[in-house]
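The values are calculated or read from the model by the stated rules, or taken from the named source; none is laboratory data. No experiment lies behind these values; they were computed from the predicted model shown. Note that we place each Cβ from the backbone using ideal geometry, even for glycine, and neighbour counts take in every protein chain shown.
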């Protein structure tokens, strides 16, 4: 890669991080650091919506959107965007939990309904997710600086991670939310610039993008249905999302979640245009990287900046959510200190960066995927029912079983009811969801009959 490009890449990482460090508010109170309030004031709808959207537009996510656009055209982008229905599902459920159930957190709900053991299992699931968010996003940044294993690759990851940690330590959740607004605006502006570069270069203009792909199960339809099914369970094992569901009043929260769904879907579909453009031009490989190379240095730097912005937002949100998870939800410290929260952030940074130096392909196979948490759907969607405590373990256990069944390549082809890529995933998600819900409902009926 051209030396000038390398220099500008480093400038983007260092300057953008230092600006965020300067802008990020310093947390003076525990509520500021762990709950995101600023001097006791609640977060408004603009701050919360921006924070929700950009925290889910992470580097790995928009890379996947572009790659799916390359593979399946507009259908691929729409399929990935369907995951953003998770905001609608989570927003409605959290609103109900707060207004009708009177719960102040996801963990309080689980402890009240299913006991402390359920909280422990749930905490392990989301801690592992947060752990994976660190290395999986920083590796995307590294891929723009050099080949995997190169000095430039590792150096960029370490510098980027440490600079993001620096401004996260300054204010915790309040830093995360404040910088999220800036990152969201920058993401939007750069996305517009990228689209303005690629769309005019395509014969037929935007209609070429919207009409690309094939509407069939094998060409993206399988994944679209998988995303729809998982949107009923996936959001509840993401503390970055659910933590933001309890930091301001219930109505503002619901409106923010609904807006975030719409904005997030639009952003993902638009970024998939990068991959669609690559398909038209005949490129192969990682769509954002190859398209950037195709269009020269300006495009490379613009896409670099999008990745830096989205990855930084995800990382700072991960750090603040992990600090809150450990100090409030697991340890349940009565006198939590900002200092303890900062130490927790440093710990997840170190642990989450170690996999970068190992074999991330092996570790990614063990990631708690959407299929593995299918069992959370009935637990939260039917929160108002009165099941016995074992219903949680049965439902979650079934979901984990189906997820591991697919992850280890043991899911039989005889159970597929469609063909093409993701056919196994769709079958496992349909059958897994049906079994999870059946087990949960059976437990509710058994509990009802035993108490009547």
Q | Residues that are closer than 14 Å to residue 400 by Cα and crowded, with 19+ Cβ neighbours inside 10 Å, drawn from region 425-436 | A | 425, 428, 429, 432, 433, 436
Q: Give, as residue ranges, the helices (runs of 4 or more DSSP H) completely inside region 1-110 that count at least 2 residues that are buried (at least 21 other Cβ atoms within 10 Å of the Cβ) and at pLDDT below 90.
A: 3-23, 30-35, 45-56, 59-72
Q: May I ask you to list pairs of residues, at least six apart or on different chains, whose Cβ atoms are under 7 Å apart, with the first in region 379-391 being on the phi > 0 side of the Ramachandran plot and the second being buried (at least 17 other Cβ atoms within 10 Å of the Cβ) and part of a loop (DSSP other than H, G, I, E, B)?
A: none
Q | For residue 113: the one exception among (1) modelled with pLDDT under 90; (2) in a helix (DSSP H, G or I); (3) crowded, with 18+ Cβ neighbours inside 10 Å | A | (1)
Q) For residue 300, all conditions in the list (1) touching a helix residue (DSSP H, G or I) at 6+ places or on another chain (Cβ under 6 Å); (2) surrounded by 24 or more Cβ atoms within 10 Å (Cβ to Cβ) hold save one; what is the number of the exception? A) (2)
**Q.** Contacts under 6 angstrom Cβ, first residue in region 22-41 being more than 17 Å from residue 325 (Cα to Cα), partner at pLDDT 85 or above and in a loop (DSSP other than H, G, I, E, B), 6 or more apart
**A.** 27/172
Q) Of the residues that make up region 144-151, is at least one assigned to a helix (DSSP H, G or I) and under 19 Å from the mean Cα position of the chain (by Cα)? A) no
Q. Residue 7 passes all but one of (1) touching a helix residue (DSSP H, G or I) at 6+ places or on another chain (Cβ under 8 Å); (2) free of Cβ contacts under 8 Å to residues at least 60 places away in the same chain; which number fails?
A. (1)
Q) So which helices (runs of 4 or more DSSP H) are wholly in region 152-266 and hold at least 2 residues that are more than 24 Å from residue 293 (Cα to Cα) and within 16 Å of the chain's Cα centre (by Cα)? A) 173-198, 222-230, 239-242
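For the condition over 30 Å from residue 379 (Cβ atoms), at pLDDT 85 or above and not assigned by TED's automatic domain parsing to the domain that holds residue 395, what is the one hit in 200, 235, 239?
200
Conditions (1) closer than 28 Å to residue 51 by Cβ; (2) in the same structural domain as residue 80 (by TED's automatic domain parsing); (3) buried (at least 18 other Cβ atoms within 10 Å of the Cβ); (4) modelled with pLDDT of 85 or more, marked per residue:
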residue	(1), (2), (3), (4)
312	yes, yes, yes, yes
327	yes, yes, yes, yes
330	yes, yes, no, no
336	yes, yes, yes, no
352	yes, yes, yes, yes
Q) From the list 278, 285, which residue is in the same structural domain as residue 133 (by TED's automatic domain parsing) and in contact (Cβ under 8 Å) with a residue 60 or more places away in the chain? A) 278
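Quick one: which of 422, 411 is within 29 Å of the chain's Cα centre (by Cα), crowded, with 19+ Cβ neighbours inside 10 Å, without any contact (Cβ under 8 Å) to a residue 40 or more places away in the chain and over 30 Å from residue 97 (Cβ atoms)?
Sole residue among the options that is within 29 Å of the chain's Cα centre (by Cα), crowded, with 19+ Cβ neighbours inside 10 Å, without any contact (Cβ under 8 Å) to a residue 40 or more places away in the chain and over 30 Å from residue 97 (Cβ atoms): 411.
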